[in-house]
Amino acid sequence: MPIHECSLQANGNRMRRFVHHLFACFVATFVTHLNAAEADLILHHGKIVTVDSRFSIQQAVAIRDGRILQAGKDSAVLKLKGARTELVDLKGRMVLPGLMDSHTHPTGASLTEFDHPIPDMESIRDVLDYLAGRARTVKPGDWIVLQQVFITRLREQRYPTRAELDAVAPEHPVMFRTGPDASLNSLALKLSGIDRDFKVSDGGAGLVEKDAKTGEPTGILRNCSRFVPVKTSARAATDEEKRQRLIELFRDYNSVGLTTICDRDASESAIELYKELRSRNELTVRVAVSQDVPSLGEVEKIQDRIRKIGADPLHTEKDDWLRIIGIKTFLDGGMLTGSAYMRQPWGVSDIYAITDPNYRGVRFIPEDRLRIMVRTAVESGLQFTAHSVGDGAVHALLDVYDELSRALNVRATRPCITHANFQSREAVQTAARLGVMMDIQPVWLYLDTRTLTKQFGYERLRYFQPLRSLFKAGVVVGGGSDHMQKVGSLRAINPYNPFLAMQTAVTRKARWYDGKLHPEEALSREQMIQFYTMNNARVLFCEGTRGSLEPGKFADLVVLDTDVLKCADEKIASTRVLRTYVDGKLLFRDGNL
Ligand SMILES: [Zn+2]
């Protein structure tokens, strides 16, 4: 009640009005309470996995105004049914909190096939056939670029050679790019000015592989794509087309149960696009953003950029649909490409075209610079994360977090390590002690174990994605896909179907590989669900409103056709989503429920 109405006046008329007003207030309050008890929607006769602190399973859940009103027994929750409540009989189906993917690249992925469809490629023959086809379509002299077909996932487990690329496209510069590394044909090398005398001289990290006998470049470049003057002749999407494509991708995310995602390297233009969707109410997933911060160039400029991000209203205002949580940069190369920064040498390798027995991969950011970047992020209240695949990179980042933690409250900013594929017992312990979080992608284990065991041997992979150890030590680790290309949850690179990832985390089984990769690191079913719900909520700063189905939290939830707590291991991946609700709204529905 407004305070001015309360000032008592001698005038009787006014007094009568005041009493009348009091009564009206009372009635209004009473009616509001009545309504508050009445749900908009009740899902009942199901198996509601709440992911609360006791991991309790309930029969029904009631929703009002986009929030969870109550989860409990059918008899209790159905008491919240009113005249306008929609009832959904789950017929015993399972409900999970909306799933979260803590590592995606949606804007790029939604446009991968904008110019032309790109087929699945499983062998060098597939790659060469595709490039030959492009050579027939693209004007001679124009660039042909094939991105992110990872050599670890090709049957032959190697790069296409310079000679093979020359044979299928002699008149086009060709770049087969995979992560920071690439294989080029002769014309591409020539146009890039890369010959036997070429040296990386811009102060950045990188390496041009050369033939041991002739001294000529083999065509393999490590972290040197910045010297390659690619000009694309592909059709560019208009702003409207970009928006539509992104909307379609987000709808596809909903169809596999995703209700929150994190863009783990968002450019300014990507953030503008998210803002546009947000202002038009067109977001169907909630978006957390790790804004891209490059590590090259003047340190002061990098610091300015980080501070500016820290002051951005998208960070400070904590919007529930779109929020900048921190920054992302790249500390090393990749394990799919032969440049992850390891503590021990990679070893001479035909797969990765490595000839130097002492080669340990490529580290992108020297210690001093890394320390300044992390410190500035912490001082700006931003989560720092860096792509860190090799154990050398993981330890380097942990060392900086450890050192800065002595003077600063690093823990409060939820410092993160992205990928963190190769670890060690000490890395797990240090992360637990410092409150360092991680975003890890089990589908890489699924797709790459065959090649990684061949390269490193089984024992060196003891702490590869050590999920059970991390859970046991209390490290908050969230699941993700690193989806970067194409739409389609299983055909995309990387596949973003969360059920495939969850199955992999439970079985440690991989494609084209017999047996299991260190099954002692397998998650339980409960942990597997936490990994894609509550843990990601913590990684993404939204555990107060998401990640579990508890009163007051957002009604972001999914109905499944499979009981993923009880089904056979190999049935988890084929789980289908029957309904996806975000903010209490039904955004995806399979005909079967
Ligand atoms: Zn990524």
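The values are calculated or read from the model by the stated rules, or taken from the named source; none is laboratory data. All values derive from a computational prediction rather than experimental measurement. For neighbour counting, all protein chains shown are included, and Cβ atoms are generated from backbone atoms with ideal geometry for every residue, glycine included. Please note that ligands, DNA and RNA were not included when accessible areas were found on the heavy atoms of the full protein model with its side chains. Shrake-Rupley method; radii C 1.70, N 1.55, O 1.52, S 1.80 Å.
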Order these peptides, 232-245, 52-65, by their mean beta-carbon neighbour count within 10 angstrom, highest first. 52-65, 232-245
Could you please state, rounded to a whole Å, how far the C-alpha centre of the stretch 206-229 is from the C-alpha centre of the stretch 266-281? 38
Quick one: work out the % antiparallel among DSSP beta bridges in the stretch 126-210, nearest 5. 50
Considering only DSSP beta bridges where both residues belong to the stretch 363-519, give the percentage that are antiparallel (nearest 5). 25
Test item: Cα-centred dipole of the stretch 478-530, Lys/Arg +1 and Asp/Glu -1 on Cβ, debye: 240
Phe198 label point, 7 Å along Cα→Cβ, cut-off 11 Å on backbone N: hits in the stretch 138-182? 182
Debye equation applied to the C-alpha atoms of the chain, log10 I(q)/I(0) at 0.05, 0.08, 0.13 Å⁻¹: -0.25, -0.59, -1.42
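Express the carbon and sulfur contribution to the solvent-accessible surface of the chain as a percent, rounded to the nearest whole number, probe 1.4 angstrom.
Values: 12510 of 24830 Å².
The computed percentage sits at 50.
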Where labels lie 7 Å past Cα in the beta-carbon direction, separation of Asp142 and Arg280 in nm: 2.8
Listed residue (Gln423, Cys224, Trp321) projecting farthest to the positive dipole end of the chain, Cβ model: Trp321
In square nanometres, what is the average projected area of the Cα convex hull of the stretch 194-315? 11.3
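What share of the DSSP beta bridges in the chain is antiparallel, in percent to the nearest 5? Working shown, then result.
Details: 38 of 77 bridges.
If we restrict to bridges inside the chain, about 50 percent are antiparallel.
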What trypsin sites (Lys or Arg not before Pro) in the stretch 369-444 are in a loop by DSSP, with at most 13 other Cβ atoms within 10 Å of the Cβ? Arg406
Once a ≥ b ≥ c are taken as the square roots of the eigenvalues of the Cα gyration tensor of the stretch 486-593, is the result rounded (a/c under 1.5), prolate (a/b larger than b/c) or oblate (a/b not larger than b/c)? prolate
Aspartates and glutamates with Cα under 13 Å of Lys199, excluding same-chain neighbours fewer than 8 positions away: Glu209, Glu216
Explain nothing, just the number: dipole magnitude of the chain about its Cα centre with +1 on each Lys and Arg Cβ and -1 on each Asp and Glu Cβ, in debye rounded to the nearest 20. 1260
When only alpha-carbon atoms count, how far does the stretch 341-485 stretch along each of its three principal axes, as whole angstroms with the largest first? 45, 33, 31
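With +1 on the Cβ of every Lys and Arg and -1 on the Cβ of every Asp and Glu, and nothing else charged, how large is the dipole of the stretch 399-449 about its Cα centre, in debye rounded to the nearest 20? Please list the in-between numbers first.
Working: 5 positive and 6 negative charges, 50 e Å.
My answer is approximately 240 debye.
Once the piece of chain linking Glu526 and Arg576 is laid out straight, how much longer is it, given 0.36 nm per residue of separation minus the C-alpha distance between them?
Working: separation 50, 0.36 × 50 = 18.00 nm, distance 1.85 nm.
Once the chain is fully extended between Glu526 and Arg576, it gains 16.2 nm.
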Between Ala83 and Glu171, 0.36 nm times their residue separation minus their Cα-Cα distance comes to what? 24.5 nm
How many angstrom separate the Cα center of the stretch 445-494 from the Cα center of the stretch 321-387? 16
Sorted on mean Cβ neighbours within 10 Å (highest first), peptides 416-424, 570-578, 311-319 come out as 416-424, 570-578, 311-319
FRET efficiency, 1/(1 + (r/R0)^6) with R0 25 Å, evaluated for Ser267 and Ala568 via beta carbons: 0.05
Positive end of the charge dipole of the chain (Lys, Arg +1 and Asp, Glu -1 on Cβ, about the Cα centre): tell me which of Thr337, Thr545, Pro160 has its Cα farthest that way. Thr545
Looking at Ala396, Ala132, Leu470, which one has the Cα that reaches farthest to the positive end of the dipole of the chain (charges on Cβ: Lys, Arg +1; Asp, Glu -1)? Leu470
In straight Cα distance, which lysines are under 23 Å from Lys509, not counting same-chain residues fewer than 8 positions off? Lys454, Lys472, Lys566, Lys571
Quick check on the chain: helices-only [θ] at 222 nm, where DSSP H runs of length 4 and up contribute -39,500 (n - 2.57) each and the sum goes over total residues. Nearest 500, please. -10000 deg cm²/dmol
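Using the heavy atoms of the protein chains and a 1.4 angstrom probe, tell me the accessible area per residue for the chain in square angstrom. Write down the numbers at each step before the final one.
Numbers: 24830 Å² over 593 residues.
Spelled out: the 1.4 Å probe surface of the chain, per residue, equals 42 Å².
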Lysines within cross-link reach of Lys79: Cα-Cα under 27 Å, excluding same-chain residues under 8 positions apart? Lys47, Lys91, Lys553, Lys585
